[in-house]
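For reference, the structure discussed in these notes is given below.
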Amino acid sequence: MAVAPEDAAQLLKRADSVKTSNHSEFTEILKQLDVGATQLSPTQRLYLRYLSAWQLVFVGDYTAAIPEFNAVIENSTDVTLRFRAGVTAVNALALASRYEEAYSRLSQLLDLLPQVNDIEARQLGLGVAALLYNQAGQYELGLNYAETWVAEDPSGAGSCKGWHLKLESLYKSGKLKAAGSEFQQGIDACTKANEPIWANLTRSFVANLDIEQGRAADAIKLVKANYDDVQRTHYPRLMSEFDSILAKAYWKSGDSAQAQQFALSAIDKSVKNEITKPLVDAYQVLYEVAQQQGDFQASLAYHEKFAAADKGYLNDTSARTLAYQMVTQQVLARKRELDALSEKNQLLQLKQQVDAKSAETDRLYILLLIAVLGSIALWAWKTKRSQLRFMKLARRDSLTGIFSRQHFFEAAVASLKYCGKSSREACVIIIDLDNFKAVNDSYGHAAGDLVLKRAVSVCQSQLRSIDIFGRLGGEEFGIVLPDCTLETAMQRAEGLRAAIVSLCSGEGSIEFPVSASFGVTGTKASGYNLRQLLIDADGALYQAKREGRNRVAVFQTPANVSVAAS
């Protein structure tokens, strides 16, 4: 039955307001509007198209959703709707693992945020920014946007969602060690706003924290009390999360049958073709249950699935972080270009002013010309001095004196491009100092700085002049070895590992244990793309950490693994 345009406007608004709080009603309204879509105005049809695309994201069909959002952006004259479609498209791009595109478009949308007056559109922009920055491990940025959201809407639905993202930033950064009043305040805000999805996502943090601190029974009680409420949301990510939590909690409590049941349910309810933390945890529980039961065939099968999911999840996390870093560097480069163009425009305007007055008198013309030339010379001198100073600061890490992250990326890309053109092998090593946080916490930041400088110094003594050595951040370093085979890279990584360990012995030794883990990959396995090389080396580094630290691990492709196994 067709819907009158005036009724359609109310239904569209109602659907938008209940899409997370009452998803069943939201779905029914969309069906009703779809029947009479031809009777809607062009603006209403685009609004309906936006809500339908949002529904595709909700059920995990990101590939279909993204073109729909783009169509709304291209065809709508409503600035607010276009902004909302753009922000939701950014979220869909991230969920579809198109991270560089997601962070690039997010940066552009955040530049427009101060011009957006619609409160709901602003909140959506703040929320997606907080979400994506949390996913990239940029918890301070995520916290900033979440707190801004809460401050702008202290008592409405925005307070609920803002509180959830704020708690996510604090929880994942390790700043919340107990399920205290902050969590309850966030849950209360979502309950008041009738937002069951967000309330239960926040409860999932509390339950996971209970499990981490040995209170599995408390986690089971909390999840079971809200389990039916979660099923009524029909939200796959949340349902899978709750089943995964129950699987872990029952396993910790010794109830392997219940653990197995909920682990299988978590896998069944997860979004297809998407690797999430609940999926990784569910496979781990199934592997451990099968091992306890002595079913070694099932144990091996589940362990393979767990290892594949765990590696995929870690690679996905690394890809998010790397995409954020690369987009950040691109944004900074564009800003520098715009600043230089602005200075040139100012100079052009000054010249035009001089030309306009040049006819007054010859003497004035000469004086103005001298002034212009002096201004040009002064501007050129200042610009050159600033450029040289910036280049010097940007190229070197202030503490260790080796390449900064940005210059490391630039030099590495150039070196890999040369190796690729000349068909020369190259390798990448990622180094991470073991238990570095414990050194800072136990001996102070001065001791931590000493460890970083001494570790860099011993590494430099073993590197060639053509090797590229840079600090990627914190206690993590990267090395690009041009014209180097994987076997040679492994030997050199082992030499570097031994050199770092030797800092604890001999004259002038450090008074506490120092070691590092290494991840190695080469262009034969990972290609000449820097991003892929870093992701694969980082995966190998994670393997070294899991196997006990203070060791070298090499990235293994699936083909290499099968050959080694045979």
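Overview of values
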quantity	calculated
Number of the exception - Arg84 against (1) open to solvent by less than 20 Å² (accessible area, probe 1.4 Å); (2) closer than 20 Å to Lys161 by Cα; (3) touching a helix residue (DSSP H, G or I) at 6+ places or on another chain (Cβ under 6 Å)	(1)
Selection status of Ala340, in contact with a Phe, Trp or Tyr (Cβ under 6 Å, 6 or more places away or on another chain) and part of a helix (DSSP H, G or I)	no
Segment 288-301, residues that are more than 17 Å from Asp255 (Cβ to Cβ) and either outside any helix (DSSP H, G or I) or open to solvent by less than 50 Å² (accessible area, probe 1.4 Å) (or both)	Gly294, Asp295, Ala298, Ser299, Ala301
3 or more residues under 20 Å from Gly186 (Cα atoms): qualifying helices (runs of 4 or more DSSP H) within segment 89-152	119-135, 139-152
Positions within segment 72-81 being open to solvent by 30 Å² or more (accessible area, probe 1.4 Å) and part of a helix (DSSP H, G or I), in sequence order	Ile73, Glu74, Asn75, Val79, Thr80
All positions within segment 173-200 that are of a type outside the set (A, V, I, L, M, F, W, C) and either open to solvent by less than 50 Å² (accessible area, probe 1.4 Å) or in contact (Cβ under 8 Å) with a residue 40 or more places away in the chain (or both)	Ser173, Gly174, Gly180, Gly186, Asn194, Glu195, Pro196, Asn200
The one condition in (1) in contact with a helix residue (DSSP H, G or I) (Cβ under 8 Å, 6 or more places away or on another chain); (2) at pLDDT 90 or above that Glu74 fails to fulfil	(1)
Residues of segment 515-529 satisfying the condition of being open to solvent by less than 10 Å² (accessible area, probe 1.4 Å) and aliphatic (A, V, I, L, M)	Ala516, Val520
Close pairs (6 angstrom Cβ cut-off, 6 or more residues apart or separate chains): surrounded by 17 or more Cβ atoms within 10 Å (Cβ to Cβ) in segment 100-114, among the aromatic types (Phe, Trp, Tyr) anywhere	Tyr103/Tyr324
Near pairs, Cβ below 9 angstrom, 6+ apart or cross-chain, from segment 314-326 (over 21 Å from Val280 (Cβ atoms)) to any residue that is outside any helix (DSSP H, G or I) and open to solvent by 40 Å² or more (accessible area, probe 1.4 Å)	Tyr324/Gln138
Among the residues listed as Pro482, Pro513, the single one being more than 20 Å from Tyr542 (Cβ to Cβ) and at pLDDT 95 or above	Pro482
Residue that is touching a residue at least 40 places away in the same chain (Cβ under 8 Å), assigned to a loop (DSSP other than H, G, I, E, B) and open to solvent by 50 Å² or more (accessible area, probe 1.4 Å), where the choices are Arg464, Arg424	Arg424
Test: residue in segment 51-70 that is assigned to a loop (DSSP other than H, G, I, E, B) and either touching a residue at least 60 places away in the same chain (Cβ under 8 Å) or closer than 30 Å to Thr321 by Cβ (or both)	yes
Selection within segment 191-201 - assigned to a helix (DSSP H, G or I) and more than 18 Å from Val128 (Cβ to Cβ)	Thr191, Lys192, Pro196, Ala199, Asn200
Residue within segment 310-319 that is touching a helix residue (DSSP H, G or I) at 6+ places or on another chain (Cβ under 6 Å), surrounded by 22 or more Cβ atoms within 10 Å (Cβ to Cβ) and part of a helix (DSSP H, G or I) present	no
Number of the condition not met by Ile220 [criteria: (1) closer than 21 Å to His23 by Cα; (2) in a helix (DSSP H, G or I); (3) of a type in the set (Val, Ile, Thr)]	(1)
Every residue from segment 470-500 that is open to solvent by less than 50 Å² (accessible area, probe 1.4 Å) and under 18 Å from Arg424 (Cβ atoms)	Ile479, Val480, Leu481, Pro482, Cys484, Ala489, Arg492
Residue among Leu131, Leu126, Leu165, Leu170 that is open to solvent by 10 Å² or more (accessible area, probe 1.4 Å), without any contact (Cβ under 8 Å) to a residue 40 or more places away in the chain and of a type in the set (A, V, I, L, M)	Leu170
Residue match in segment 274-288 (condition: more than 30 Å from Asp536 (Cα to Cα), of a type outside the set (Ser, Thr, Tyr) and modelled with pLDDT of 90 or more)	no
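Each row is one residue, and each column tells you yes or no for (1) part of a helix (DSSP H, G or I); (2) among the aromatic types (Phe, Trp, Tyr); (3) within 15 Å of Gly478 (Cα to Cα); (4) in contact with a strand residue (DSSP E or B) (Cβ under 6 Å, 6 or more places away or on another chain).
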position	(1), (2), (3), (4)
Ser415	yes, no, yes, yes
Ile429	no, no, yes, yes
Asp441	yes, no, no, no
Ala446	yes, no, no, no
Leu450	yes, no, no, no
Ala455	yes, no, yes, no
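The values are calculated or read from the model by the stated rules, or taken from the named source; none is laboratory data. A quick note: this is a predicted structure, and the numbers were derived from the prediction, not measured. Cβ sites come from the backbone with ideal geometry, for glycine too, and all protein chains shown count toward neighbours. Accessible surface areas use protein heavy atoms only, side chains included; no ligands, DNA or RNA. Shrake-Rupley method; radii C 1.70, N 1.55, O 1.52, S 1.80 Å.
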